[in-house]
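The values are calculated or read from the model by the stated rules, or taken from the named source; none is laboratory data. What you see is a predicted model; the values in this text were computed from it and never measured. Because the Cβ atoms are built from the backbone with ideal geometry, glycine has one as well, and the counts that use them run over all protein chains shown. These accessible areas exclude ligands, DNA and RNA; they are computed on the full protein's heavy atoms, side chains included. Shrake-Rupley method; radii C 1.70, N 1.55, O 1.52, S 1.80 Å.
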Amino acid sequence: MTREFKTPAQALAAALVLAVTAPTDAACADCAGMAESIAGGMDSVDVQDVRDVVEICLSMLNPKAEQ
């Protein structure tokens, strides 16, 4: 499935989620690389905001991982 993101923040959020949920180390590395590339074109405050939201969302989906 192909998605078109409206903003770099959306693309970064998707790349971060995919990196965390990737089924293989290679896929994780690819997604992490995409996230780094996207983040490189964004303001650092915006990047941190996206990271914070993704972290909260992932923790809500898997609350046992926090323990």
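Rolling a 1.4 Å probe across the protein heavy atoms gives the range 10-66 an accessible surface of 68 Å² per residue. For residue 60 and residue 32, a Förster radius of 22 Å and the Cβ-Cβ distance give a FRET efficiency of 0.50, rounded to the nearest 0.05. Taking all protein chains in place and a 1.4 Å probe, what share, in percent, of the accessible surface of the chain do carbon and sulfur account for? The computed percentage sits at 57. Rounded to the nearest 0.05, the FRET efficiency derived from the C-beta distance between residue 46 and residue 24 at R0 = 30 Å is 0.55. Overall size of the chain from C-alpha positions, given as principal axis extents largest first: 34, 26, 20 Å. Using only side-chain charges placed at the Cβ, +1 for Lys and Arg and -1 for Asp and Glu, the dipole size of the chain relative to its Cα centre rounds to 220 debye. Averaged over residues, the count of other Cβ atoms within 10 Å places the peptides 9-22, 51-64 in the sequence 9-22, 51-64, highest first.
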